[in-house]
1. Yes or no: segment 136-144 includes at least one residue that is more than 16 Å from ligand 1 (Cβ to nearest atom), touching a Lys or Arg at 6+ places or on another chain (Cβ under 7 Å) and over 29 Å from Arg16 (Cβ atoms).
2. Is there any pair with a first residue in segment 154-179 that is on the phi > 0 side of the Ramachandran plot and a second that is more than 10 Å from ligand 2 (Cβ to nearest atom) and of a type outside the set (Gly, Ala, Ser) whose Cβ atoms are under 6 Å apart and which are 6 or more apart or on different chains, and what are they?
3. Among the residues of segment 65-84, what is the count of those that are under 16 Å from Gly30 (Cα atoms) and in contact (Cβ under 8 Å) with a residue 12 or more places away in the chain?
4. Of the residues Glu144, Glu115, Glu71, Glu127, only one is farther than 30 Å from Asn216 by Cβ, surrounded by fewer than 18 Cβ atoms within 10 Å (Cβ to Cβ) and acidic (Asp, Glu); which?
5. I'd like to check something: does segment 42-57 contain any residue that is near ligand 1 (Cβ under 10 Å from one of its atoms) and touching a strand residue (DSSP E or B) at 6+ places or on another chain (Cβ under 8 Å)?
6. Filter segment 161-189 down to residues that are under 25 Å from the mean Cα position of the chain (by Cα) and of a type in the set (A, V, I, L, M, F, W, C), then give me how many there are.
7. Can you pull out every residue in segment 221-250 that is touching a Cys at 6+ places or on another chain (Cβ under 9 Å) and outside any strand (DSSP E or B)?
8. Could you list all residues from segment 17-48 that are assigned to a loop (DSSP other than H, G, I, E, B) and either at positive phi or surrounded by fewer than 17 Cβ atoms within 10 Å (Cβ to Cβ) (or both)?
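Each reported figure results from applying straightforward, stated rules to the coordinates on display, with no laboratory input. A quick note: this is a predicted structure, and the numbers were derived from the prediction, not measured. Please note: Cβ atoms are built from the backbone with ideal geometry, for glycine as well, and neighbour counts cover all protein chains shown.
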Amino acid sequence: MAKRGMREGLLWPKLREYWHPVAFAEDADGGPLAVTLLDERVAVCRIGGQVRAFRDLCVHRGTPISLGWVEGESVVCAYHGWSYNAEGKCTRIPSIPPEHPIPKKACLETYRVREKYGLVWVLLGEERTPIPDYPVFEDPDFEELYRKKLVQKCSAARATENFIDQGHFPWVHEGILGSRENARVPDAEIERDGEDLRFWLDTYADTLHPVPHRRNYRLTRPFTIYQWKEEADGKTEVYLNVSTPNTAGECTRFMIIARNYQSDRPEGAKREQLTDTVMAQDLVIIENQR
Ligand code: FES
Ligand code: FE
């Protein structure tokens, strides 16, 4: 019998062709930061103001470069102090005389990396599609009220399905999102648009969003969801929810929430706490599904 998770891994060659967020931009400031993307260990750091992503492997003796540190315009390996520049080229081997040439092959493997929406996105393979759009990021009308990441012991596909699953709200999030007295899922309109699946439904008020509203979703292949909850008067709350596949059985969820209105609804710490509660409630289910 196939080992659990093996079939997921068959998707890796295709998933390498998509950009995945691996960190928030500020996480790259110290560094190098070790992340895992599609079973690949990647070191992310900022050199000369630019974010860089390397295969997390010093070519000298195979030490993770993430154990090292950034010094000036270089990243330095913790084992024998080899320095690599922003392009991954080794520029210094402290144990040999300075006039001794540095082997041309002494390079860290680099990956394409981009900073967008305050996230660090990495592409391991050929680019199939651009980074998904987050249209309100620079819109001055929208204020960000939540930005967090969470490591989840489940596949990215499982986590993505959970975010768009409408029927679980009254059961898993009773009292916050939906009510068991009214567990019917409203009908949804759905359309396919290239890499995107768009759907929307009109829904009831709940604690998290105490005004009837339209829930709009744009699911961009493979694991990016952009959701906007729109009220009749234009008040809109948006979510960017991306699940990054670390391994077949683990993903990192990046979640950003913003909205274009002030209100006396659950605000600040309480709002953050409610969102954390919803995420924790989902975690119990998605980490245990088979
Ligand atoms: Fe990196 Fe030796 S293993 S410098
Ligand atoms: Fe949920």
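1. yes
2. Gly178/Pro170; Gly178/Asp206
3. Number satisfying all stated conditions: 12.
4. Glu71
5. To start, the set of residues in segment 42-57 that are near ligand 1 (Cβ under 10 Å from one of its atoms) comprises 57.
Okay, now just the ones that are also touching a strand residue (DSSP E or B) at 6+ places or on another chain (Cβ under 8 Å), so 57.
Among the residues of segment 42-57, at least one is near ligand 1 (Cβ under 10 Å from one of its atoms) and touching a strand residue (DSSP E or B) at 6+ places or on another chain (Cβ under 8 Å), which makes the answer yes.
6. Qualifying residue count, segment 161-189: 6.
7. Restricting attention to segment 221-250, the residues satisfying the condition of being touching a Cys at 6+ places or on another chain (Cβ under 9 Å) are 223, 243-245, 249-250.
Correct list: Phe223, Gly249.
8. If we filter segment 17-48 for residues that are assigned to a loop (DSSP other than H, G, I, E, B), which is where we start, we get 17-19, 29-32, 38-39, 48.
Across segment 17-48, the qualifying residues are Glu17, Asp29, Gly30, Gly31, Leu38, Asp39, Gly48.
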